[in-house]
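Chemist: Following this message is one structure expressed as structure tokens.
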Protein chains: 2
Amino acid sequence: MVLAYHPKPGTTPTRYPHRARYDSETVHQILDEALTCHLGYIRAGRPVVLPTMHVRCGETLYIHGSSGSGPMLAAKAEGLPVCVTATLVDGLVLARSAMHHSLNYRSAVVMGTAHLVDDREQKLQVLRALLDHIRPGRSVDCRPPTRRELAATAVLALGLAEVSAKVRSGGPVDDPEDCALPHWAGVVPLTLTAQTPQPAVDLDLATPLPTYLR
Amino acid sequence: MVLAYHPKPGTTPTRYPHRARYDSETVHQILDEALTCHLGYIRAGRPVVLPTMHVRCGETLYIHGSSGSGPMLAAKAEGLPVCVTATLVDGLVLARSAMHHSLNYRSAVVMGTAHLVDDREQKLQVLRALLDHIRPGRSVDCRPPTRRELAATAVLALGLAEVSAKVRSGGPVDDPEDCALPHWAGVVPLTLTAQTPQPAVDLDLATPLPTYLR
């Protein structure tokens, strides 16, 4: 089922509105493929943007961090107004004209008030999901957190309500009168590629590489 | 010469302070290698984070966008308080314990008030630098912007004063008592890789691939 988010003033782009997407399939795909996101919030009246890791479970986006970190402390009382943006860069778009250069990308922007997850079991579930977001299967192949470790970790939950995605794909779009110019035009695809896993220096060499890393 | 930025309350991390860097070499390298950044600002009292492209020239970071876009309009009068963060993801760090999983990354955070660049010549210079940031040499191998195109583009300038970088590298750091656990531990390096350039569908096939794309 494709659920559609409702465009709101905060999630309606002023530029390139034709690139906007509000269907859950696109939004979910971007949030699920992106390993990192950028968390924006207001600290002492000023904007702050920090890179962090997230995971989506259903219609909730979870962000984790240390219990003592700025956004986690700020969220304690009534929640924290945030904007979480995840961006995937797919390619350089080179046009004949300077102005039509662009980037192929997919980004999802989630706005709202994030709340701390207090429930211990829910927190454990989210941490497992975060591990499986890194590589599916990892959560059952590591030592689970102790009670003390769990207390040192905070999890923010943000509902997917005020959400939009923006997608640019395909080749350059030059003005017709520029197409005969002698400049190369096209796309240089970019991919985030996993290289050969490097064992920790103190890893027992008899430990096999797990299938989810092959 | 290595210039050092001065840690300020806004750029002093509350967590993992040993990962913080304030030398210009590290900050410049991250800003120069990153193709995109995330621009945070406050709109109607709420945080907004948008992906965009940037270029560093000396001790100034430039962001470009359409003249009619939100942050550009907001910056018109007295400048716009922003936080610009560029993040490079270098690898997945898998530890034996769930809690010591991490990411190898390099991020630079620049805070301050961004101002619109009004001077026509300076704007042209920045746009050239933006093109050369995509691929060095591109700015002289495309049609320069017309007066009308230039007016449709806005450039924000942000001085590198309140700046910090954060760097995590190397393998997992497990607690000693976990090292004998049977879980694989190590790093999966991640790299943003350029694939074979794809010519535009309407490109004259006699147009050679420029050396800067090979």
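The values are calculated or read from the model by the stated rules, or taken from the named source; none is laboratory data. Just so it is clear, the structure is predicted and the values come from calculations on it, not from any experiment. Note: ideal-geometry Cβ built from the backbone for every residue, glycine included; neighbour counts use all protein chains shown. Ligands, DNA and RNA are stripped out before the accessible areas are found, and what is left, the full protein with its side chains, is counted by its heavy atoms. Shrake-Rupley method; radii C 1.70, N 1.55, O 1.52, S 1.80 Å.
Chemist: Suppose you put the label 7 Å out from Cα in the Cβ direction; list, shortest first and in nm with one decimal, how far B:P144 is from each other copy's label.
Modeler: Sorted ascending, the copy-to-copy spacings read 6.6 nm.
Chemist: To continue, here is another question. Could you please report the charge total around B:L61, scoring K, R as +1 and D, E as -1 over all other residues with beta-carbon less than 13 angstrom from its beta-carbon?
Modeler: -2
Chemist: Find the eigenvalues of the gyration tensor of the Cα atoms of region B:131-214, then list the square roots of 5 times those eigenvalues as equivalent ellipsoid semi-axes, largest first, in whole angstrom.
Modeler: Working through the eigenvalues yields semi-axes of 44, 24, 10 Å.
Chemist: Sticking with this one: In Å², and per residue, what accessible area does region B:28-179 have when probed at 1.4 Å with the other protein chains present?
Modeler: In whole numbers, region B:28-179 has 37 Å² accessible per residue.
Chemist: So, one more: log10 I(q)/I(0), Debye, Cα-only chain B, no solvent, q = 0.09, 0.16 Å⁻¹?
Modeler: Normalising to I(0) and taking log10 leaves -0.47, -1.15.
Chemist: Still on this structure: Taking a 1.4 Å probe, which of A:R21, B:R106 shows the most accessible area, and what order do the others take after it?
Modeler: Reading off the accessible areas and sorting them downward yields A:R21, B:R106.
Chemist: If the label point is 7 Å along Cα→Cβ of B:R168, which residues in region B:84-111 have backbone nitrogen under 12 Å from it?
Modeler: Label zone hits: B:89-95, B:99-107.
Chemist: Assuming 0.36 nm per residue, please report the length gained on full extension of the stretch B:A44 to B:T196 beyond their Cα-Cα distance.
Modeler: Extra length from B:A44 to B:T196 when fully extended: 50.4 nm.
Chemist: So what is the relative contact order for region A:18-130, in percent, with contacts set as C-alpha pairs under 8 Å and at least six apart?
Modeler: 25
Chemist: What is the sum of charges around A:E177, taking Lys and Arg as +1, Asp and Glu as -1, for the other residues whose C-beta is under 12 Å from the C-beta of A:E177?
Modeler: Its environment carries a net charge of -1.
Chemist: While we're here: Please report, largest first and rounded to whole Å, the three semi-axes of the ellipsoid equivalent to region A:45-106, where each semi-axis is the square root of five times an eigenvalue of the C-alpha gyration tensor.
Modeler: Equivalent ellipsoid of region A:45-106: 34, 15, 10 Å, largest first.
Chemist: Based on the Cβ-Cβ distance from B:D23 to B:K76, what FRET efficiency comes out when R0 is 22 Å, to the nearest 0.05?
Modeler: 0.05
Chemist: Further question on the same structure: If you fit an axis through the alpha-carbon atoms of helix A:120-134 and take the longest principal axis of the Cα set of chain A, what angle between them do you get, 0 to 90°, nearest 10?
Modeler: 40
Chemist: Hey, another quick one. Angle, helix B:24-33 long axis vs. longest principal axis of chain B, Cα atoms, 0 to 90°, nearest 10?
Modeler: Compared with the principal axis, the helix lies near 70 degrees.
Chemist: Here's something else I'd like to know. So which lysines pass the test for B:K123, namely a Cα distance under 26 Å, with those fewer than 8 places away in the same chain ruled out?
Modeler: B:K76
Chemist: If you take the beta carbon distance between B:E121 and A:L209 as r and set R0 to 51 Å, what does 1/(1 + (r/R0)^6) give as a FRET efficiency, to the nearest 0.05?
Modeler: Using R0 = 51 Å, I get an efficiency of 0.35.
Chemist: What does the extension gain come out to for B:D175 and B:D132, with contour length at 0.36 nm per residue minus their alpha carbon separation?
Modeler: 10.9 nm
Chemist: Mind putting together the pair-distance distribution for region B:1-118? All Cα pairs, 10 Å bins, whole percent per bin, short to long.
Modeler: For region B:1-118, the binned pair fractions read 11, 39, 33, 14, 3, 0 percent.
Chemist: A follow-up question, please. Distances from B:K76 to the same residue in each other copy, label points 7 Å out along Cα→Cβ, in nm, shortest first?
Modeler: 4.2
Chemist: Return the carbon/sulfur percentage of the accessible area of chain A, one whole number, probe 1.4 Å, all protein chains in place.
Modeler: Solvent-exposed carbon and sulfur of chain A make up 57 percent of the total.
Chemist: Using Cα pairs under 8 angstrom and six or more residues apart, how large is the relative contact order of chain B, in percent?
Modeler: Dividing the mean separation by the residue count of chain B yields 26 percent.
Chemist: Roughly how large is the B-A contact in terms of buried accessible area, totalled over both chains, probe 1.4 Å, nearest 100 Å²?
Modeler: Chain pair B/A: roughly 7300 Å² of buried accessible area.
Chemist: Based only on Cα atoms, what Rg/Rh ratio does the protein assembly as shown have, Rh being taken as Kirkwood's radius?
Modeler: My calculation of the ratio gives 0.97.
Chemist: Output, in nm with one decimal and in ascending order, the distances from the B:V201 label point to the matching label points of the other copies (7 Å from Cα along Cα-to-Cβ).
Modeler: Between copies, matching label points for B:V201 lie 5.4 nm apart.
Chemist: Mind giving me the nanometre distance, one decimal, between the label points for A:A151 and B:A161, set 7 Å out from Cα along Cα→Cβ?
Modeler: 4.3
Chemist: Let me ask something additional. Return the Rg/Rh ratio of region A:80-162 with Cα-based radii and a Kirkwood Rh.
Modeler: Expressed as Rg/Rh, it is 1.16.
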